[in-house]
Amino acid sequence: MASTSSRIGGGSMYGYAAPYRSREGLTTRPVVSSDEIQLRIDPMHADLDDEITSLRSHVKQLRNVAQEIGSEAKFQEDFLDQLQMTMIKAQAGVKNNIRRLNRSIVKNGSNHIIHVVLFALFCFFVVYMWSKLSRR
């Protein structure tokens, strides 16, 4: 800021510039509403307009990206909710089927285990005989 006063040649810290000078080329003007700030750009610093336009386009792009991220997050949240409901229904179905199977086993007896053991013994016997016949 001291370099500003030496260039302008004034006696105060800001020289003869406006008391609200924030940096070279920008000054604020008092406005009616206290929520608003207006800036005036000096003509010798006109390249700031291009910078402001570039910043606006970048802000718009970022806003669009943020909106896309938000919509994608919402979509995935809905998808996960539906998937969770499907899993809950599937678990309930499996639980009911296991309960029915257990009831039918208790009601009809557990002869199915004997049948499985006999089938396994038969399979081993067939493999054994086949291996004996194939050696000849």
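We did not get these values from a lab; they are worked out from the coordinates using the rules stated. Just so it is clear, the model here is predicted, and its values are computed rather than measured. Quick reminder, even Gly has a Cβ in these numbers, built from the backbone with ideal geometry, and neighbours come from all protein chains shown.
Here the label points at N64 and F119, each 7 Å from Cα along the C-beta direction, are separated by 6.3 nm in the simple model. For a test of the definition: using alpha carbon positions, the gyration tensor, and the 1.5 limit on a/c, classify the range 52-136 as rounded, prolate or oblate. It comes out oblate by the Cα gyration axes. By the rule of a C-alpha distance below 30 Å, with chain neighbours fewer than 8 residues away ignored, the lysines paired with K60 are K74.
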